[in-house]
Each structure stands twice: as structure tokens, then as C-alpha cells.
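Working notes, structure below.
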Amino acid sequence: MEILLYRVDGRLLHGQVVVSCVRNYHPTEIVVANDEAAQDEFQRTLLEFAAPPNIRLYILKVEETAQYILEEKLDRAIVVVKNPQDMLRLIEKGVNINEVNIGGMYHEPNKKQYAKALFVDDSDILTMQKFKEKGVRMYYQMAFQDPKEDVWHLLKIRK
């Protein structure tokens with residue numbers, strides 16, 4: 001079992017993720033870990049349309065995703081969550097995550113913009129600080145042809 005990438009992306013699965021992830025990582029599986037998407041038939045259908053036909057797509061609740069990872073039920077997988085809080089839940093369930101790609105956290109009320117697609121609020125920052133405390137590295141990179149940028153530098157927070 002190999003998890004190739006852990007990514008936070010508010011849109012979960014879309015063309016940019018699919019094309020560049022598949023081209024750069026060659027996964028056999030993509031896991032969308034989000035409780036809402038797992039329970040919403042319409043969202044599930046949209047995500048299924050976005051997935052490449054030759055790659056298995058799992059749309060799971062966060063807790064189910066943690067079980068799949070811990071029980072080594074995945075092969076060469078990319079795991080995508082909607083927000084940092086879902087990623088922290090995976091970590092708290094015992095998933096060993098060394099590095100997180102922040103791909104897109106989009107505009108919502110009360111969120112401040114720090115980069116093109118990096119909008120965060122105090123809750124997001126507190127969650128990301130927990131990543132840091134657990135030794136998880138974070139970088140911002142919307143598309144894989146873009147350079148990796150240090151999240152703390154973008155947020156203007158000292159490491």
C-alpha cells in the first residue's frame with residue numbers, strides 16, 4: 001500500500017486535480033474523504049463523472065477512509081479532503097501523514113485571502129498549527145506545475 005499524496009481541496013475532485021495528479025503520480029485509486037460527499041447522492045454522481053475511467057474512485061466518510069488506510073486496503077492512492085479539519089481527523093484516527101498539499105481553500109464568509117486559492121480563517125490556522133505540532137509538513141500548490149510554497153510563509157506566521 002502506498003498513499004502518494006494527501007491533498008486539501010475545497011472542490012475535492014475536479015479537472016485540475018485529476019489531470020495533473022494522474023500525470024504526476026500515476027495512482028490506481030483516488031479517495032475522496034468527506035462525510036457530506038459520502039452521504040449525498042448528487043455530489044457522489046458529480047465526483048464519479050470527474051474521475052478518470054481507469055482509476056478506482058472511493059467516496060468515503062473520513063472515518064471509513066482512516067480504516068481503509070490503516071487496514072492497507074488501498075494500493076497507489078491519492079487522498080483528497082475538503083478542508084484541513086478533515087485531514088486532522090484522519091491524523092487523529094491514527095493515519096500517519098508526513099506531508100499535506102494545500103491545493104485550494106476557497107472563498108467563504110469570514111475567510112481572509114493569502115494566495116490565489118488560499119482563503120483561511122482562525123479555525124483553519126489553529127488546525128494547521130496542530131499539523132505542525134504533529135510534525136506534518138504543509139505546502140501550497142494549486143496545480144502540480146506550480147512551485148510548492150510554504151504555507152506558513154504565505155500566512156505570514158513564523159515557523
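Restricting the search to segment 40-61, which residues are buried (at least 16 other Cβ atoms within 10 Å of the Cβ) and either outside any loop (DSSP other than H, G, I, E, B) or among the acidic types (Asp, Glu) (or both)?
Those that are buried (at least 16 other Cβ atoms within 10 Å of the Cβ) and either outside any loop (DSSP other than H, G, I, E, B) or among the acidic types (Asp, Glu) (or both): GLN43, LEU47, ALA50, LEU57, TYR58, ILE59, LEU60.
Tell me which of these ASN83 doesn't satisfy, since it passes every other one: (1) under 12 Å from ILE3 (Cβ atoms); (2) within 14 Å of the chain's Cα centre (by Cα).
(1)
Applying the selection to segment 102-159, what residues are among the acidic types (Asp, Glu) and touching a helix residue (DSSP H, G or I) at 6+ places or on another chain (Cβ under 7 Å)?
Residues of segment 102-159 among the acidic types (Asp, Glu): 108, 121-122, 124, 133, 146, 149-150.
Listed by number, the list holds a single entry, ASP124.
Go through (1) surrounded by 14 or more Cβ atoms within 10 Å (Cβ to Cβ); (2) closer than 25 Å to LYS111 by Cα; (3) among the charged types (D, E, K, R) one by one and return the number of the condition GLU36 breaks.
(1)
Can you tell me which residue among VAL18, VAL32 is in contact with a helix residue (DSSP H, G or I) (Cβ under 8 Å, 6 or more places away or on another chain), in a helix (DSSP H, G or I), under 13 Å from VAL79 (Cα atoms) and not aromatic (Phe, Trp, Tyr)? Outline the logic, then answer.
Values: VAL32 fails: in a helix (DSSP H, G or I).
Within the list VAL18, VAL32, the selection yields VAL18.
Taken together, the values in this text are just the output of simple stated rules run on the coordinates, not laboratory data. Predicted model, so just to flag it, every value in this text is computed and none were measured. Methodologically, a virtual Cβ is constructed for each residue, glycine included, from the backbone with ideal geometry; neighbour enumeration extends over all protein chains shown.
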